[in-house]
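Asks: Sharing a structure here in structure tokens format.
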Amino acid sequence: MISLARWPKVKDLREKLNGRAKAKPRYRFYTLYDKVYRKDFLDAAWAQCRENHGAPGVDGMTFEDIEAAGVEKYLAELATELKELRYRPQAVRRVMIPKEGQPGKFRPLGIPTIRDRIVQQAVKLLIEPIFDADFTENAYGYREGRSAQDAVDDVDRGLRSKYVDVVDADLSKYFDTIPHEELMRSVERRIADGKVLWQIRAWLKVPVHETHERGKTVISGGKKTKAGTPQGGVISPLLANIYFRRFLVAWEQFGFDRKYESRIVNYADDFVILTRKHAREALRAARRLLAGLKLTLNETKTRAVRAWQESFTFLGFTFGKLHTRDGREYLGGTPSAKNVRKFRETVREITATRETRRSAASVAEALNHQTRGFWNYFHRGTVSELIHDLDQYLWDRMGIWAKRKYRPPRQRSPQRASGAKTRWAKVRAARKLLVRGRDLNLLRDRNGGPLFAPAARYAPVMS
């Protein structure tokens, strides 16, 4: 999310809404819709959508098309539609994204039109601070000022505090199964503005267009749909958080946190339950609660484990028994094998034979971006051996790439001998352009946090 400093009135209103919601937990907000079509809200919404890029929706319109026609004009027309209540959301374009490491399995991604994304972002800017005031401390997903790394740290603290019997939970198709009526009741608990509620309902009920390999478009969803919010919609993560809050609050209200000596760590649709000797009982209780919310666990992936005997994976980290340099055992997290494999595959693609057309500087820049991003996310835990292994892999792959690029002439001649020297000098020069994990690992603050910059973005493979 980009900074709202450019739109001080938007930022100020969000802070006021959040403060009001915190001060009055039962208060319902009535007059909101007139802010949705305010110029500063639409400008901020456009900027954030543009920052995220994204593919076009069913209308085929791209960000470049809008910019060519004039952004100001486009947003002014959209504001008029909203003000005059003529705005109607368009269908969502569905694409199937292959699941990492699961051949033949796909994750559906719903892509709204840019027009709908802008309006969703404007509504999200408006209502997000209201609901954020109600979210529990153990919910980390899609929240400003919180990250997946914070959730990882919470799990790590729990394990060190002897919450070592763990429910490694996996929700089955969470975004696709959120029941609309129950979700809207959760929204209506705080929002009383009928026009905002109408918009949210309309987004939940839009048709879904999916084009098959032979070009045939299949239409599903629509007004009769009773469950699901499309992954890919701007407002979907917020709605998912609002609904899953029911489970997190119910866990405490029923006293399961005390009864099972448990603590939940939640990030979007991923969560673990850390307990002291009560994992199986906690799993049964969680299953019952989720059934009451019309949600189900993926039984093939959900399990109860004791961390000292069996590891589990959460948000890209594998937690389990580790060893210090002097051989002592402790519980902690390290980058999962799946993410390490993904990093190696990416490095291999960047240094493939077909990439010898690129300059050494551009290849090194791409590799350094991946390295910074990987270690910016995965620097926690016992990683010194992994740093050494991945640094060596980077070094070897850059050498292989450079040797291919600077291949000497085949004929035997005095020039061949001098060319070989030049070649090895270029290989060494290419390797010197690399930023390695051990270099980044040296740059730490007093608390052990990374200081390297820029902080490249890295998307871990979630399990």
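Asks: If the requirement is being open to solvent by 20 Å² or more (accessible area, probe 1.4 Å) and modelled with pLDDT of 95 or more, which of these qualifies: ALA337, ALA291? Break it down stepwise before answering.
Replies: Working: ALA337 fails: modelled with pLDDT of 95 or more.
From the options ALA337, ALA291, the qualifying one is ALA291.
Asks: I'd like to check something: does the range 243-262 contain any residue that is free of Cβ contacts under 8 Å to residues at least 24 places away in the same chain and touching an Asp or Glu at 6+ places or on another chain (Cβ under 7 Å)?
Replies: no
Asks: Tell me the residue from ARG341, ARG306, ARG284, ARG258 that is over 30 Å from LEU183 (Cβ atoms), of a type outside the set (S, T, N, Q) and out of contact with any helix residue (DSSP H, G or I) (no Cβ under 8 Å at 6 or more places or on another chain), please.
Replies: Working: ARG306 fails: out of contact with any helix residue (DSSP H, G or I) (no Cβ under 8 Å at 6 or more places or on another chain); ARG284 fails: over 30 Å from LEU183 (Cβ atoms); ARG258 fails: over 30 Å from LEU183 (Cβ atoms).
ARG341 is the lone residue from the list that is over 30 Å from LEU183 (Cβ atoms), of a type outside the set (S, T, N, Q) and out of contact with any helix residue (DSSP H, G or I) (no Cβ under 8 Å at 6 or more places or on another chain).
For every residue, the table says whether it meets (1) hydrophobic (A, V, I, L, M, F, W, C); (2) more than 20 Å from ASP134 (Cβ to Cβ); (3) under 24 Å from the mean Cα position of the chain (by Cα).
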{"site": "SER172", "(1), (2), (3)": "no, yes, yes"}
{"site": "ASP193", "(1), (2), (3)": "no, no, no"}
{"site": "SER220", "(1), (2), (3)": "no, yes, no"}
{"site": "LYS223", "(1), (2), (3)": "no, yes, no"}
{"site": "TYR267", "(1), (2), (3)": "no, no, yes"}
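Asks: Being within 21 Å of the chain's Cα centre (by Cα) and farther than 30 Å from ASP59 by Cα, is that true of even one residue in the range 99-107?
Replies: Here is the first cut: in the range 99-107, the residues within 21 Å of the chain's Cα centre (by Cα) are 99-102, 105-107.
Within this subset, residues satisfying the condition of being farther than 30 Å from ASP59 by Cα are 101-102.
The answer is yes; a qualifying residue exists.
Asks: Can you name the residue in the range 101-116 that is under 24 Å from GLN199 (Cβ atoms) and either among the hydrophobic types (A, V, I, L, M, F, W, C) or open to solvent by 60 Å² or more (accessible area, probe 1.4 Å) (or both) and is also modelled with the highest pLDDT among such residues? Quick ask: steps written out before the conclusion?
Replies: We begin by selecting, within the range 101-116, every residue under 24 Å from GLN199 (Cβ atoms); these are 108-116.
Add one more test, that the residue is either among the hydrophobic types (A, V, I, L, M, F, W, C) or open to solvent by 60 Å² or more (accessible area, probe 1.4 Å) (or both), and what stays is 109, 111, 114.
Working: LEU109: 83, ILE111: 90, ILE114: 95.
Per the criteria, the residue is ILE114.
Asks: Among the numbered conditions (1) farther than 29 Å from ARG146 by Cα; (2) open to solvent by less than 30 Å² (accessible area, probe 1.4 Å); (3) of a type in the set (Lys, Arg), tell me where ARG88 comes up short.
Replies: Checking ARG88 against (1) farther than 29 Å from ARG146 by Cα; (2) open to solvent by less than 30 Å² (accessible area, probe 1.4 Å); (3) of a type in the set (Lys, Arg), the one that fails is (2).
Asks: If you go through the range 246-287 one residue at a time, how many are assigned to a helix (DSSP H, G or I) and of a type outside the set (S, T, N, Q)?
Replies: Let us first name the residues in the range 246-287 that are assigned to a helix (DSSP H, G or I), namely 246-253, 256-259, 279-287.
If we keep only those that are of a type outside the set (S, T, N, Q) too, we end up with 246-252, 256-259, 279-287.
Selection size over the range 246-287: 20.
Asks: Looking only at the range 297-322, count how many residues are open to solvent by less than 10 Å² (accessible area, probe 1.4 Å), in a loop (DSSP other than H, G, I, E, B) and more than 22 Å from TYR174 (Cα to Cα).
Replies: First, the residues of the range 297-322 that are open to solvent by less than 10 Å² (accessible area, probe 1.4 Å): 305, 307, 312, 314-317, 319-320.
Those left that are additionally in a loop (DSSP other than H, G, I, E, B): 307, 315-316.
From what's left, more than 22 Å from TYR174 (Cα to Cα): 307.
Number of matching residues: 1.
Asks: Within the range 354-394, restricting attention to residues that are modelled with pLDDT under 90 and open to solvent by 50 Å² or more (accessible area, probe 1.4 Å), which residue is nearest to LEU315 (Cα to Cα)?
Replies: My answer is ARG380.
Asks: Check the range 323-332 and report whether any residue there is touching a helix residue (DSSP H, G or I) at 6+ places or on another chain (Cβ under 8 Å) and either closer than 30 Å to ASP116 by Cα or surrounded by 14 or more Cβ atoms within 10 Å (Cβ to Cβ) (or both).
Replies: There is at least one residue in the range 323-332 that is touching a helix residue (DSSP H, G or I) at 6+ places or on another chain (Cβ under 8 Å) and either closer than 30 Å to ASP116 by Cα or surrounded by 14 or more Cβ atoms within 10 Å (Cβ to Cβ) (or both).
Asks: Within the set of pairs 6+ apart or on separate chains, which have a first residue in the range 345-369 that is without any contact (Cβ under 8 Å) to a residue 12 or more places away in the chain, a second that is open to solvent by 60 Å² or more (accessible area, probe 1.4 Å), and C-beta atoms under 7 Å apart?
Replies: Close Cβ pairs (under 7 Å, with a partner that is open to solvent by 60 Å² or more (accessible area, probe 1.4 Å)) do not exist here.
Asks: Still on this structure, please answer the following. Considering only helices (runs of 4 or more DSSP H) fully contained in the range 1-111, which possess at least 1 residues that are within 21 Å of TRP203 (Cβ to Cβ) and touching a Pro at 6+ places or on another chain (Cβ under 8 Å)? Even if it seems obvious, please write down each step before you answer.
Replies: Values: elements: 8-23, 33-36, 39-51, 63-69, 71-83.
Counting at least 1 such residues, we get 8-23.
Asks: Follow-up question, since we're still on this one. Please pick out the residue among THR353, THR313, THR296 that is among the hydroxyl-bearing types (Ser, Thr, Tyr), more than 30 Å from ILE242 (Cβ to Cβ) and out of contact with any strand residue (DSSP E or B) (no Cβ under 6 Å at 6 or more places or on another chain). Outline the logic, then answer.
Replies: Values: THR313 fails: more than 30 Å from ILE242 (Cβ to Cβ); THR296 fails: more than 30 Å from ILE242 (Cβ to Cβ).
Testing whether each residue is among the hydroxyl-bearing types (Ser, Thr, Tyr), more than 30 Å from ILE242 (Cβ to Cβ) and out of contact with any strand residue (DSSP E or B) (no Cβ under 6 Å at 6 or more places or on another chain) leaves just THR353.
Asks: Under 7 Å between Cβ atoms, at least 6 apart or on separate chains: pull out the pairs that start in the range 328-344 with a residue that is touching a residue at least 40 places away in the same chain (Cβ under 8 Å) and end on any residue that is charged (D, E, K, R) and part of a strand (DSSP E or B).
Replies: Short answer, once both residue conditions are applied: LEU331/LYS321.
Quick grid of which residues meet (1) touching a strand residue (DSSP E or B) at 6+ places or on another chain (Cβ under 6 Å); (2) without any contact (Cβ under 8 Å) to a residue 60 or more places away in the chain; (3) open to solvent by less than 10 Å² (accessible area, probe 1.4 Å); (4) over 25 Å from GLY333 (Cα atoms):
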site	(1), (2), (3), (4)
LYS99	yes, yes, no, no
ILE118	no, no, yes, yes
ASP132	no, no, no, yes
GLY141	yes, no, yes, no
VAL152	yes, no, yes, no
SER161	no, yes, no, no
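Asks: Out of (1) part of a loop (DSSP other than H, G, I, E, B); (2) at pLDDT 90 or above; (3) under 30 Å from ARG157 (Cβ atoms), the odd one out for LEU434 is which?
Replies: (3)
The values are calculated or read from the model by the stated rules, or taken from the named source; none is laboratory data. Since the model is a prediction, treat every value here as computed from it, not as a measurement. Counting neighbours? That spans all protein chains shown, and the Cβs are built from the backbone with ideal geometry, glycine included. Note: areas computed on protein heavy atoms with side chains; ligands, DNA, RNA excluded. Shrake-Rupley method; radii C 1.70, N 1.55, O 1.52, S 1.80 Å.
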